[in-house]
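Peer 1: Take this structure, written in structure tokens, and hold onto it; I'll ask about it next.
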Amino acid sequence: MRQNTARIAFGTEEALQVGQRPDHLAVRTHIALLDLTAAAPPRRTQQGVGGVDVGRPSGPGVLDEPRREVGVVRRHEDDEEVDLAGVDAVWLSPFYPSALADGGYDVDDYRDVAPEIGTLADFDELSDALHAAGIRLMVDLVPNHSSNRHRWFRAALAGGPDAPERALYHVREGRGEHGEEPPNDWRSMFGGSIWERIDDVDDAGRPLTGPGTDRPYQWYLHMFALEQPDLNWDNPAVREDFKETLRFWCDRGVDGFRVDVAPGMAKDLTDLDRPWSEIPWWPLPEDGSHPMFDRPEVHDIYREWREVLDSYDPPRFAVAEAGVPASRRHLYAASAGQAFNFQMQDADFTAASYAWAIDAGLADEAASGSTTWVLGCHDVFRVASRYAFDMDTALEEAAAEQERERRARDGGEEVDPAHDAVSDDNSYPAGRQLLTARRWVLADGTAPVADAAAGERRARAGALVVMALPGAMYVYQGDELGLPEVPDIPEDRLQDPIAFRNRAVEKGRDGCRVPLPWTVQGSSHGFGPDGATEPHLPQPAGWGEHAVDVEVADPDSTLSLYREGLRLRRELWGAGNQGELTWLQRDEQVLGFERGGLQCWTAFGTDLELPAGEVLLASAPLDTIEADGGAAVSVLPADATAWLRPAR
């Protein structure tokens, strides 16, 4: 089914990517009960609420007819468990016409709605209903590349080697006698060559380029799947057209945009002879010299966009998906409005790794007035599964991966990094559990052994940490239910292009995109009508144990923890936004900080006696012991977080 994503952005600047749904522009927003946050137009960080990710059907399981209902409004009116109070924005990721070569991030038309989902009239109805409820609307924008079915690219192919539309993309002649070799050895983020050959023929089918002609083959550049040709942002026509796209959606009531691959639009292809082995993958250069990512010129594009966005009243906003060095992330917040900080997502569940990620986020806030926190998203393994591996195992797996890659390269093999690869520098204090989860998924979840209970316990603890921090918290759909990764999706059911282009290194992202369980009963646990076609990705046995209707009724569930945590975040932590975060304890096993008169304590691998005070919320049940003098002391168990109002 289409991977239509609707994210709810939350009020104190939290944001939640919420469940995949087949019902046309519908959002079943149980997650709206969480206090989520949207990035506000002002540059200064606020503490508020954010966004929801709703499933877009693709392949088997798509509805026969689009359902003509505005899901957010219908659920709000009809479902007792849905409470939209505190939800600031709904964020729809690609709902545009698409062949779904990459879950909708291959866009055929940037100014329309996929017909199997709905119509522009449905979009307008949704926009009007949301605004009537005081909820803002965000959409996903994919400016780095179009699809290969976009009218520009179709014209570029149909017009032959001299088609003017080829200047809208990055098209180069190949190497070799007839251009039969790609322009260079650069690699795609999804594996394989970054170049795809164009076989030009005339109306009679005779070749226009290559052997037997006087012209070499031409090739187009695609940083991702071959169905996603990169646009040439040096061409003024591309820039002007995207400004029209911004205006088109702003005029229809859109309040903000999430910018996909935000560092990728500006490129320097002047030195195509530079070997790929000499181009750093991650971390990117600190000076912005990478030919494909994070070039200084990209901010000229965002400054032009800001002129468009600021021309509206109130001004519209943008959130940049900026996977760049921490020292350069604030530049995107300054030019676009806000930037995703993925360091908390990379972080291992250790005190040192969490402290490193928090330091980076606070530095962003100091530099730009904006910061964000992300534990998971649709591009990485579920947080509950990443945290299911102890660090000894994670370090062993990281060492084994480095050795495997070394041997492959020594043997002359072409080794593409994983799309979510982090630095292999052992001094980098993160990414080991992520790498271990990748190897676990490659083995269909058979090895190494995962401790699911420990993973969910740590994920709950991590959630309370980020809820206590200033700035924007983005919650990926299903993390609020404690959903695990699904590692054993059969090969014939995989949809992610990564699984087909880089299979030796990674199985892809489908395991975190399995449709959410809304109900314990039903053939698809409420994802679609009972008895309808099976969902596009198979839901595993036991999926209903995490269903919304189960967790809503359980006061100890992960969903209940999120709901209460986000309520207190707005009511209590938000009052401390103007105060500084002060570290109370920071060592190998404990992190404790204070902000606005409240304290957050996390125990990593050991129990912790809490200071005297009122415990407001904890991610796990506390023990009580009797201290000297007979006073009762609350004990936080290992791998848990508690919020405390200290005794004064």
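Peer 1: State whether one or more residues within the stretch 304-322 are within 22 Å of ILE194 (Cβ to Cβ) and within 22 Å of the chain's Cα centre (by Cα).
Peer 2: Yes, the stretch 304-322 has at least one match.
Peer 1: Those residues that are hydrophobic (A, V, I, L, M, F, W, C) and under 10 Å from SER370 (Cβ atoms), I need them from the stretch 337-351; list them, please.
Peer 2: Result: ALA339, single match.
Peer 1: Among the strands (runs of 3 or more DSSP E) contained in the stretch 574-627, which hold 1 or more residues that are surrounded by fewer than 19 Cβ atoms within 10 Å (Cβ to Cβ) and among the hydroxyl-bearing types (Ser, Thr, Tyr)?
Peer 2: Answer list for the stretch 574-627: 582-586, 623-626.
Peer 1: Another question about this same structure. Do you know which of the residues in the stretch 607-648 that are of a type in the set (Val, Ile, Thr) and within 36 Å of the chain's Cα centre (by Cα) is farthest from ARG567 (Cα to Cα)?
Peer 2: VAL635
Peer 1: Hey, any hits in the stretch 227-237 for a residue that's surrounded by 16 or more Cβ atoms within 10 Å (Cβ to Cβ), closer than 30 Å to VAL380 by Cβ and over 31 Å from the mean Cα position of the chain (by Cα)?
Peer 2: No - not one qualifying residue is present in the stretch 227-237.
Peer 1: For the stretch 179-194, name all the residues that are in a loop (DSSP other than H, G, I, E, B) and either open to solvent by less than 50 Å² (accessible area, probe 1.4 Å) or out of contact with any Phe, Trp or Tyr (no Cβ under 7 Å at 6 or more places or on another chain) (or both).
Peer 2: GLY179, PRO182, PRO183, ASN184, TRP186, SER188, MET189, PHE190, GLY191, GLY192, ILE194
Peer 1: Let me ask something else about it. Going through GLU414, GLU403 one at a time, which residue ends up being among the acidic types (Asp, Glu), modelled with pLDDT under 95, surrounded by fewer than 24 Cβ atoms within 10 Å (Cβ to Cβ) and assigned to a helix (DSSP H, G or I)?
Peer 2: Result: GLU403 is the single residue among GLU414, GLU403 that is among the acidic types (Asp, Glu), modelled with pLDDT under 95, surrounded by fewer than 24 Cβ atoms within 10 Å (Cβ to Cβ) and assigned to a helix (DSSP H, G or I).
Peer 1: Another question, if that's okay. Test of understanding: among ARG206, ARG172, ARG166, ARG215, which residue is under 26 Å from HIS299 (Cα atoms), of a type in the set (Lys, Arg) and surrounded by fewer than 21 Cβ atoms within 10 Å (Cβ to Cβ)?
Peer 2: Result: ARG172 is the single residue among ARG206, ARG172, ARG166, ARG215 that is under 26 Å from HIS299 (Cα atoms), of a type in the set (Lys, Arg) and surrounded by fewer than 21 Cβ atoms within 10 Å (Cβ to Cβ).
Peer 1: With ASP348, ASP294 as the choices, which residue is touching a strand residue (DSSP E or B) at 6+ places or on another chain (Cβ under 8 Å), within 23 Å of TYR474 (Cβ to Cβ) and either surrounded by fewer than 20 Cβ atoms within 10 Å (Cβ to Cβ) or in contact (Cβ under 8 Å) with a residue 12 or more places away in the chain (or both)?
Peer 2: ASP348
Peer 1: While we're looking at this one, here's another question. Where residues in the stretch 427-437 are of a type in the set (Gly, Ala, Ser) and touching a residue at least 24 places away in the same chain (Cβ under 8 Å), which of them is surrounded by the most Cβ atoms within 10 Å (Cβ to Cβ)?
Peer 2: Of everything passing the filter in the stretch 427-437, ALA437 is surrounded by the most Cβ atoms within 10 Å (Cβ to Cβ).
Peer 1: Can you name the number of the only condition in (1) under 30 Å from GLU401 (Cβ atoms); (2) assigned to a loop (DSSP other than H, G, I, E, B) that ALA499 fails?
Peer 2: (2)
Peer 1: May I pose another question? Quick check on my filter: what residues within the stretch 248-302 are in a helix (DSSP H, G or I) and charged (D, E, K, R)?
Peer 2: Of everything in the stretch 248-302, those that are in a helix (DSSP H, G or I) and charged (D, E, K, R) turn out to be ASP251, GLU278, ASP300.
Peer 1: Please count how many residues of the stretch 268-315 are modelled with pLDDT of 95 or more and among the hydrophobic types (A, V, I, L, M, F, W, C).
Peer 2: 9
Peer 1: Taking only pairs six or more apart or across chains, which ones have beta-carbon atoms under 8 Å, a first residue in the stretch 479-498 that is of a type in the set (Lys, Arg), and a second residue that is open to solvent by 10 Å² or more (accessible area, probe 1.4 Å)?
Peer 2: Sorted first by the residue in the stretch 479-498, then by its partner, the pairs are ARG493/PRO538.
Peer 1: Quick check, is TRP282 touching a residue at least 24 places away in the same chain (Cβ under 8 Å) and closer than 30 Å to ALA499 by Cα?
Peer 2: When the stated conditions are applied, TRP282 passes them.
Peer 1: Right, here's the next one. Quick check on the stretch 435-456. Is at least one of its residues at pLDDT below 90 and touching a Phe, Trp or Tyr at 6+ places or on another chain (Cβ under 9 Å)?
Peer 2: no
Peer 1: Considering the stretch 133-152 alone, what residues qualify as being at pLDDT below 90 and more than 11 Å from TRP91 (Cα to Cα)?
Peer 2: Scanning the stretch 133-152 gives ALA133, GLY134.
Peer 1: So which residues in the stretch 133-149 are out of contact with any Leu (no Cβ under 8 Å at 6 or more places or on another chain), surrounded by fewer than 23 Cβ atoms within 10 Å (Cβ to Cβ) and of a type outside the set (Lys, Arg)?
Peer 2: The answer is GLY134, and nothing else.
Peer 1: Being in contact (Cβ under 8 Å) with a residue 40 or more places away in the chain, over 17 Å from VAL514 (Cβ atoms) and open to solvent by 60 Å² or more (accessible area, probe 1.4 Å) is the filter here; which residues of the stretch 530-561 pass it?
Peer 2: The one that is in contact (Cβ under 8 Å) with a residue 40 or more places away in the chain, over 17 Å from VAL514 (Cβ atoms) and open to solvent by 60 Å² or more (accessible area, probe 1.4 Å): ASP549.
Peer 1: Can you name every residue in the stretch 116-132 that is in a loop (DSSP other than H, G, I, E, B), open to solvent by 20 Å² or more (accessible area, probe 1.4 Å) and either charged (D, E, K, R) or at pLDDT below 95 (or both)?
Peer 2: GLU116
Peer 1: Would you point out which residue out of ALA553, ALA541, ALA532 is small (Gly, Ala, Ser), under 16 Å from PRO484 (Cβ atoms) and more than 25 Å from the chain's Cα centre (by Cα)?
Peer 2: Answer to the check: ALA541.
Peer 1: Does the stretch 634-648 hold any residues that are modelled with pLDDT of 95 or more and surrounded by fewer than 17 Cβ atoms within 10 Å (Cβ to Cβ), and which are they?
Peer 2: Once the filter is applied, which keeps residues that are modelled with pLDDT of 95 or more and surrounded by fewer than 17 Cβ atoms within 10 Å (Cβ to Cβ), the stretch 634-648 yields VAL635, ALA638, ARG645, PRO646.
Peer 1: Note down all Cβ pairs under 7 Å where the first residue falls in the stretch 438-453 and is touching a residue at least 24 places away in the same chain (Cβ under 8 Å) and over 13 Å from ALA394 (Cα atoms), the second is among the β-branched types (Val, Ile, Thr) and part of a loop (DSSP other than H, G, I, E, B), and they're at least six residues apart or on different chains.
Peer 2: none
Peer 1: Can you tell me how many residues in the stretch 87-146 are out of contact with any helix residue (DSSP H, G or I) (no Cβ under 8 Å at 6 or more places or on another chain) and among the β-branched types (Val, Ile, Thr)?
Peer 2: 4
The values are calculated or read from the model by the stated rules, or taken from the named source; none is laboratory data. Given the structure is predicted, the values throughout are model-derived calculations rather than measurements. Please note: Cβ atoms are built from the backbone with ideal geometry, for glycine as well, and neighbour counts cover all protein chains shown. Surface areas here come from the heavy atoms of the whole protein model, side chains and all, with no ligands, DNA or RNA. Shrake-Rupley method; radii C 1.70, N 1.55, O 1.52, S 1.80 Å.
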